[in-house]
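Readers should treat all values here as calculations from the given coordinates under stated rules, not as data from a laboratory. Bear in mind that the values here come from a model prediction, so they are computed numbers and not experimental data.
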Amino acid sequence: MVHGFGGGVGLWIRNMDTLSRSRPLYAFDLLGFGRSSRPPFPSDAAKAEEQFVDSIEQWRQSLGLESMILLGHSLGGYLATSYAIQYPSRVSHLILVDPWGFPEQTPVGQDQGTEVVKRPLAPHWVAIAAVVSLFNPLAVIRAAGPWGEMTMQRLMSRHLPPARLSAFGSSCGVSPVSGPGLVNRFRPDFKRKFEDLFDDDTMTQYIYHCNAQTPSGEVGFRAMVESLAWAKRPMLQRVHQLPPSMPITMVYGARSWVDSSSGDTVVRIRNEAPTEVILIDDASHHVYADQPEEFNRVVEKICDSVK
């Protein structure tokens, strides 16, 4: 199981017990994230992607796994697909959960025949973080640790229009808070997703400490991203390189900001190759946490089908 940008293995807490009942389950922190090592990344998109993929292969070799059902969420889905292209014999089934980086960038509202292509909209917290961080996407979290939100508001006043700044101030308040507090302000949904497991700020503390360390994986991601929602090397341009014999299941949250039409495009590109798109109702981008029972059921069914 490969987590997404800014995450770590702890986010699978609602899934690990169920999915490990009938089979060995492996999850790891991506290189440069969580508790993994934090090496420098190149500024070239292809080279940064290659470094991520190489680290996954090194992880597989260290465990001696001959083949695996590979599941990736968001950025993890993009990297899992890249890995499967390069090491197809190692992947028995590819599960992509709300994968980032698949569609090609298209101007908003551009007419293509009878369809209007819409740009996928990232959540407001991603937009704010990108504006504030002039260097790396998670700089806002590190800066908030020692300096708090007052400093972040001063920074944003230089880069956000008054209306956006006012909205941010209303959501964050004016009193200084720590880095974990800022995570809680930006992403209150994380606490809500796990509130029946923790009655404190365990999850926001976890997210903060995953991302408050020396920037590494986010540098690699920054090299790969064109803007908030687009990859420099869109995966739809490469999915045809996956072997037709490799089954792919793409799982989307019905309320996610990630457009599930990319899944339909993959089905068309792969033609007769086994490819399925599943939408999970009442789930946003973090499908596995929003609807864990249904997510676990879907993944278990896929795993049971692999010989």
The alpha-carbon center of region 31-51 and that of region 205-260 are separated, in whole Å, by 14
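Under 1.5 on a/c is rounded, so check that first for region 187-307, then, if it is not, pick prolate when a/b is larger than b/c and oblate when it is not; a ≥ b ≥ c are the square roots of the alpha carbon gyration tensor eigenvalues.
Cα axes put region 187-307 in the oblate bin.
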Which residues' amide hydrogens lie under 5 Å from the amide hydrogen of S92, considering only partners 5 or more residues apart or on another chain, with H built in the peptide plane? M68, I69, L70
